[in-house]
């Protein structure tokens with residue numbers, strides 16, 4: 001009985017305290033709030049791959065692009081996160097069932113599922129990130145209602161390789177990947193070739209650890225989750241003398257930041273090149289060790305395709321992000337701006353222009369098939 | 001149904017403290033009712049109900065409308081309660097529409113498609129869980145269903161996309177390949193346990209990793225990738241090796257579901273009607289007594305693992321030949337671990353597993369629609385699944401919450417009546 005009184009008294013006090021905090025909105029206000037100006041009936045939907053929408057990498061970039069479009073255009077959106085690969089086809093199917101006008105699938109693993117769904121639902125438009133629609137045998141199929149969004153990241157990572165070779169004091173740089181898939185190795189190909197280009201121009205012999213672009217094999221941590229593996233691998237590279245490292249492994253790159261941080265505390269001078277998004281923005285604590293980032297503007301591409309589709313201007317022309325259309329690129333140097341020699345900056349800019357003009361050809365076996 | 005449960009209970013079982021069965025004939029309906037209310041089935045159902053309730057609370061707490069209304073809870077408490085009720089109702093209604101019957105669809109086919117989808121997703125789960133359960137009942141914790149599924153899918157898929165054979169033969173061979181792949185993989189753990197005493201939990205877990213990386217390696221070789229592509233996906237399984245669709249193009253339900261039913265019946269027969277199954281259970285409940293009785297323990301262990309792995313491998317084969325049709329690094333998803341949960345939920349009994357598999361499949365399929373239609377994160381489904389396991393692992397807790405009598409008193413009462 002005593003307890004009941006206590007509880008009652010306490011909740012009464014809390015109620016009084018809380019009643020002061022918030023007052024109920026007017027009824028009319030609540031009903032009016034939903035009808036934004038310019039709201040549209042267009043519905044854009046997205047299906048992630050098994051990495052999920054909070055992977056700090058390409059699923060997240062795509063998701064942000066979609067959310068941006070949602071708030072800019074006042075359209076409706078829906079998302080489905082795939083937990084495993086067998087979720088792909090049913091998730092796309094669910095989205096078709098939700099009457100989506102445009103369905104964006106993220107990742108080449110969804111290529112076949114997207115191809116199948118697009119053929120079965122010709123009234124719905126599709127866009128697929130990092131791939132083209134494919135049939136069951138993996139052959140690219142061109143469909144009137146599928147727009148592929150690919151990125152020729154090799155161009156940007158080529159610049160990163162050139163820059164790294166120019167910045168390395170030890171004459172050794174390194175790269176590694178999460179899983180050996182084309183969208184990862186394309187970064188590593190460009191990096192290795194960029195280093196080779198620097199050696200050719202300057203007559204140096206900067207070594208690249210972790211990837212052999214001719215044999216197409218190198219170091220991988222085996223997943224896109226375990227940061228400790230990234231840290232171990234990075235420590236091995238640092239022990240072998242590498243002072244600039246490019247992790248192409250999404251969140252696993254956090255392990256590289258930690259390893260570089262430790263090494264710098266111990267008196268070394270190790271820098272990291274981030275991938276996909278601007279690393280200084282996603283990891284502000286590590287701005288002192290992030291030299292630059294190889295950008296892959298998935299969010300912008302997604303936003304663009306949603307905007308076009310919402311205005312009834314959807315087309316199936318393949319989008320390939322390049323240096324030219326700024327779909328890929330190098331991020332600003334931020335903290336390193338004063339440390340990168342002006343000559344090197346000029347050389348990188350020149351190289352960028354040469355790649356855009358086509359005087360320097362940069363390709364990878366993993367470049368998007370057009 | 002009641003027949004089967006009661007029949008099973010009467011036979012010796014593993015570890016679980018079982019009520020002493022009265023030899024005196026008793027009204028069947030009464031006995032079945034008691035099993036359902038106070039026995040294991042009842043606990044499973046109540047565990048599920050509790051998990052749904054807690055899941056509902058989570059849905060309510062994370063819903064933006066509820067959060068908004070909660071800011072002025074004490075000014076207008078009904079707003080919060082209404083918002084919470086709506087959020088939970090909408091989410092679970094969407095889940096039901098996605099998993100069982102879609103009342104909003106315009107055609108009958110579309111309306112029952114969710115149910116067929118649930119059956120499709122449940123198919124490999126049921127078969128793999130049967131494999132896990134055979135191990136459980138023989139006292140062996142086969143945590144390696146994941147690896148065995150991967151091997152089953154790899155071998156079954158390889159036969160499926162490499163060779164060109166006549167329709168029926170091709171499918172049978174591919175399924176058989178899956179069975180063999182899984183059996184051999186589990187057999188390794190069985191032989192190690194029988195010969196050296198290496199603990200099967202550790203060996204099977206490690207073999208999961210070996211299987212995963214073996215598959216990742218194979219997917220970089222020419223034999224397992226599509227011509228002219230360096231993507232780690234295999235060619236599509238040829239049509240002659242695909243499990244035929246049961247209902248036509250509008251549903252993914254395939255003949256694998258019949259395989260799952262047959263596998264359930266087989267495991268029931270094996271564990272309750274065959275000499276081999278009797279040996280399995282005997283070793284599971286008391287290895288020392290079994291040895292004294294002349295049962296060869298090492299041979300039995302190897303046989304249990306072979307059967308267990310064969311079923312998991314079959315699940316892998318059915319998965320790739322039924323729905324996936326191509327081999328990728330993540331082909332097994334979390335099937336092998338979900339199978340352990342389903343085996344637990346089904347109390348390691350074939351019929352229980354069959355329905356637990358359907359329930360699990362329904363949660364997965366319904367979760368997708370719930371996420372797409374109401375924006376409720378699909379992670380809620382994972383929480384519900386985890387809570388179900390938690391409550392099942394703690395039957396006294398569930399009995400305490402619902403004030404059920406413990407089985408022993410129930411038996412005493414039953415005997416008194």
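Values in this text are rule-based calculations from the coordinates and carry no lab data. Just so it is clear, the model here is predicted, and its values are computed rather than measured. Glycine gets a Cβ as well: all are built from the backbone with ideal geometry, and neighbour counts include every protein chain shown.
Can you give me the relative contact order of chain B as a percent, contacts being Cα pairs under 8 Å and 6 or more apart?
Relative contact order comes out at 30 percent.
Report, in degrees rounded to the nearest 10, the 0 to 90 angle that the Cα long axis of helix A:154-167 makes with the longest principal axis of chain A.
Between the helix axis and the principal axis of chain A, the angle is about 60 degrees.
I'd like to compare B:303-309, B:93-99, A:201-207: which one has the highest average count of other Cβ atoms within 10 Å, and what's the full order after that?
Packing order, densest peptide first, comes out as B:303-309, B:93-99, A:201-207.
Once both axes come from the Cα atoms, what is the angle between helix A:58-73 and the longest principal axis of chain A, in degrees from 0 to 90, rounded to 10?
It is inclined by approximately 50 degrees.
Which semi-axes, in whole Å and largest first, does the equivalent ellipsoid of the stretch B:123-375 have when worked out from the alpha carbon gyration tensor as the square roots of 5 times its eigenvalues?
30, 21, 17
How well do other chains shield peptide B:323-333, expressed as the mean number of their Cβ atoms within 10 Å of each residue Cβ?
Partner Cβ neighbours, averaged per residue: 5.
Tell me the angle of helix A:111-120 to the major Cα principal axis of chain A, expressed in degrees between 0 and 90 and rounded to the nearest ten.
The two axes meet at around 50 degrees.
Which of the three applies to the protein assembly as shown, rounded, prolate or oblate, going by the alpha-carbon gyration tensor with a ≥ b ≥ c and a/c under 1.5 meaning rounded?
prolate
Provide a whole-number value for the mean count of partner chain Cβ atoms within 10 Å of the Cβ atoms in peptide A:89-98.
5
Which one, B:163, B:360, B:72, has the greatest fluctuation when you compute a Gaussian network model over chain B with C-alpha springs under 10 angstrom?
Among B:163, B:360, B:72, the largest mean-square fluctuation in the Gaussian network model of chain B belongs to B:72.
Considering every residue in B:374-381, what mean count of other chain Cβ atoms within 10 Å of its Cβ is obtained?
Average per residue, whole number: 2.
How would you rank B:106-115, B:182-191, A:328-337, highest first, on the average number of other Cβ atoms within 10 Å across their residues?
The peptides rank, most packed first, as B:182-191, A:328-337, B:106-115.
Evaluate E = 1/(1 + (r/R0)^6) for residue A:342 and residue A:201, where r is the Cβ-Cβ distance and R0 equals 25 Å; express this FRET efficiency to the nearest 0.05.
0.90
Arrange the following residues from fewest to most other Cβ atoms within 10 Å of their Cβ: B:272, B:374, B:292, B:204.
Fewest-to-most Cβ neighbours within 10 Å comes out as B:292, B:272, B:374, B:204.
Under the rule of -39500 (n - 2.57) per DSSP H run of 4 or more residues, summed and divided by the residues of chain A, what mean residue ellipticity at 222 nm is obtained, to the nearest 500 deg cm²/dmol?
Result for chain A, helices only: -13500 deg cm²/dmol.
Run the numbers for residue A:169 and residue A:217: contour at 0.36 nm per residue of separation, minus the present Cα-Cα distance, in nm.
Working it through step by step, the gained length comes to 14.7 nm.
Only counting other Cβ atoms within 10 Å, I'd like B:397, B:404 sorted with the fewest neighbours first.
With the fewest neighbours first, B:397, B:404 line up as B:397, B:404.
Going by how many other Cβ atoms sit within 10 Å of their own, how do B:41, A:92 line up, fewest first?
B:41, A:92
Calculate how many DSSP beta bridges within the protein assembly as shown are antiparallel, expressed in % of all such bridges and rounded to the nearest 5.
In the protein assembly as shown, DSSP labels about 20 percent of beta bridges as antiparallel.
Roughly how many nanometres apart are two label points built 7 Å out from the Cα toward the Cβ at residue B:111 and residue B:213?
Using points 7 Å along Cα→Cβ, the separation is 5.4 nm.
What ranking, highest mean first, results for peptides B:156-162, A:71-77 when packing means the other Cβ atoms within 10 Å averaged over each residue?
In descending order of packing, they fall as B:156-162, A:71-77.
Working out 0.36 nm times the residue gap between residue A:139 and residue A:307, then minus their Cα-Cα distance, what length gain in nm do you get to one decimal?
Result for the pair: 57.6 nm of gain on full extension.
Can you give the FRET efficiency for residue B:262 and residue B:93, using 1/(1 + (r/R0)^6), R0 = 41 Å, r = Cβ-Cβ distance, to the nearest 0.05?
Calculated value: 0.75.
Can you give the FRET efficiency for residue B:71 and residue B:382, using 1/(1 + (r/R0)^6), R0 = 30 Å, r = Cβ-Cβ distance, to the nearest 0.05?
0.55
Extending each Cα 7 Å along its Cβ direction at residue B:275 and residue A:266, get the distance between those two points in nm, one decimal.
Those two pseudo-labels are separated by 6.5 nm.
Considering only C-alpha atoms, what is the centroid distance from the stretch B:112-127 to the stretch B:296-369, in Å?
12
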